[in-house]
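Participant: Have a look at this one.
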Ligand code: GLU
């Protein structure tokens with residue numbers, strides 16, 4: 001299979017040095033393997049996505065010397081596809097609607113207990129209040145969650161054992177850890193029509209991605225993606241988690257860190273080669 005990787009930014013702010021590193025790394029790997037480098041716009045959060053940021057992304061990446069085939073995949077155009085994947089999980093009996101807001105979840109979670117994690121890669125670990133609600137009770141104010149207990153049993157039945165499979169970056173599906181430290185993740189947020197986890201898994205499969213290059217900040221989220229691939233009968237790509245570019249205080253860069261925006265370096269007269277050197281490529 002042809003080596004295929006992607007860069008998948010959200011158009012919710014300027015790309016910064018960390019994005020440049022991630023995109024260049026993925027692009028260089030594709031070139032070295034004589035493979036494909038794809039771009040995907042992750043814009044399901046329409047309350048934050050802006051066309052101006054999307055244009056800036058294309059402009060910055062072209063300036064860096066990156067090229068990708070058109071048309072670019074845009075998540076906002078694929079909501080029906082995500083819905084179909086949700087229906088597959090519902091047919092397996094793994095989904096339920098949840099009406100809890102943030103403060104419901106906080107109060108149901110109760111006081112923190114020693115050794116019991118409160119947060120996982122999908123945010124605060126859901127205490128399970130709505131778990132017994134049937135999908136027929138779904139209203140437009142709900143989010144749809146994955147019942148992790150059932151999902152893990154289903155994935156094991158479908159051929160995943162407790163120890164496998166192993167992935168690059170030593171990714172292992174650990175049922176106990178998924179239940180305790182990840183919990184019932186959100187599959188669909190009503191106002192978005194999807195979620196990051198569901199969309200990314202479907203898109204990587206549809207784009208025939210063989211290698212995912214992403215930051216170490218997403219390392220814990222990758223196990224969710226591997227689980228969803230098992231449940232949806234999708235292939236698991238090879239994951240390569242790279243180090244994060246940090247500021248001089250050791251903090252990872254954020255979208256609002258405008259001082260590190262690629263556009264700012266461009267304005268200051270730096271060249272693409274200077275940027276490569278800054279991120280050590
Ligand atoms: N939109 C995500 C981000 O910008 C994509 C990351 C990924 O799945 O690799 O962090």
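The values are calculated or read from the model by the stated rules, or taken from the named source; none is laboratory data. Source: prediction; values computed, not measured. Cβ coordinates were reconstructed from backbone atoms using ideal geometry, including for glycine residues, and neighbour counts include every protein chain displayed.
Participant: Considering only residues that are under 24 Å from residue 82 (Cβ atoms) and exposed (fewer than 11 other Cβ atoms within 10 Å of the Cβ), which ones fall in segment 110-140?
Facilitator: 134, 136, 139, 140
Participant: Here's something else I'd like to know. Does any residue of segment 2-9 turn out to be surrounded by fewer than 22 Cβ atoms within 10 Å (Cβ to Cβ), part of a strand (DSSP E or B) and in contact with a helix residue (DSSP H, G or I) (Cβ under 7 Å, 6 or more places away or on another chain)?
Facilitator: Checked segment 2-9: no residue is surrounded by fewer than 22 Cβ atoms within 10 Å (Cβ to Cβ), part of a strand (DSSP E or B) and in contact with a helix residue (DSSP H, G or I) (Cβ under 7 Å, 6 or more places away or on another chain).
Participant: If I ask for residues that are in contact with a strand residue (DSSP E or B) (Cβ under 9 Å, 6 or more places away or on another chain), away from the ligand (no atom under 12 Å from the Cβ) and under 28 Å from residue 50 (Cβ atoms), which ones from segment 227-252 would you list?
Facilitator: Here is the first cut: in segment 227-252, the residues in contact with a strand residue (DSSP E or B) (Cβ under 9 Å, 6 or more places away or on another chain) are 227-228, 231, 236-246, 252.
Now narrow it down to the ones that are away from the ligand (no atom under 12 Å from the Cβ): 227-228, 231, 236, 238, 243, 245-246.
Residues satisfying the conditions are 245, 246.
Participant: Among the candidates 57, 44, which residue alone is under 19 Å from the mean Cα position of the chain (by Cα), buried (at least 17 other Cβ atoms within 10 Å of the Cβ) and over 19 Å from residue 194 (Cβ atoms)?
Facilitator: Details: 44 fails: over 19 Å from residue 194 (Cβ atoms).
Step by step, each of 57, 44 is checked, and only 57 is under 19 Å from the mean Cα position of the chain (by Cα), buried (at least 17 other Cβ atoms within 10 Å of the Cβ) and over 19 Å from residue 194 (Cβ atoms).
Participant: For residues in segment 165-189 being part of a loop (DSSP other than H, G, I, E, B) and over 13 Å from residue 223 (Cβ atoms), which is modelled with the lowest pLDDT?
Facilitator: First, pick out the residues of segment 165-189 that are part of a loop (DSSP other than H, G, I, E, B): 165-166, 168-170, 172-174, 183-185.
Still in the running and over 13 Å from residue 223 (Cβ atoms): 168, 184.
Values: 168: 46, 184: 98.
Among those residues, the one meeting the criterion is 168.
Participant: Another question about this same structure. Identify, please: which residue in segment 206-225 is under 17 Å from residue 174 (Cβ atoms) and touching a helix residue (DSSP H, G or I) at 6+ places or on another chain (Cβ under 9 Å) and is, among those, surrounded by the fewest Cβ atoms within 10 Å (Cβ to Cβ)? Spell out the reasoning first.
Facilitator: We begin by selecting, within segment 206-225, every residue under 17 Å from residue 174 (Cβ atoms); these are 219-225.
Now restrict to residues that are touching a helix residue (DSSP H, G or I) at 6+ places or on another chain (Cβ under 9 Å): 220-221, 223-225.
On the way: 220: 14, 221: 17, 223: 21, 224: 25, 225: 24.
This residue is 220.
Residue-wise test of (1) in contact with a helix residue (DSSP H, G or I) (Cβ under 7 Å, 6 or more places away or on another chain); (2) on the phi < 0 side of the Ramachandran plot; (3) within 16 Å of the ligand (Cβ to nearest atom).
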position	(1), (2), (3)
34	no, no, no
37	yes, yes, yes
43	yes, yes, yes
47	no, yes, yes
55	no, yes, no
76	no, yes, yes
91	no, yes, no
95	yes, yes, no
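Participant: Any chance segment 245-252 includes a residue that's at pLDDT 90 or above and touching a helix residue (DSSP H, G or I) at 6+ places or on another chain (Cβ under 7 Å)? Steps first, answer last, please.
Facilitator: Of segment 245-252, the ones at pLDDT 90 or above are none.
Within segment 245-252, not a single residue is at pLDDT 90 or above and touching a helix residue (DSSP H, G or I) at 6+ places or on another chain (Cβ under 7 Å).
Participant: Just the residues that are more than 12 Å from the ligand (Cβ to nearest atom) and under 14 Å from the mean Cα position of the chain (by Cα), please, taken from segment 203-226.
Facilitator: 205, 220, 223, 226
Participant: Need pairs with beta-carbon distance below 8 Å; first residue assigned to a loop (DSSP other than H, G, I, E, B) and within segment 203-221, second surrounded by 16 or more Cβ atoms within 10 Å (Cβ to Cβ) and modelled with pLDDT under 95; sequence gap 6+ or separate chains.
Facilitator: Going by the 8 Å Cβ cut-off, the qualifying pairs are 209/237; 210/237.
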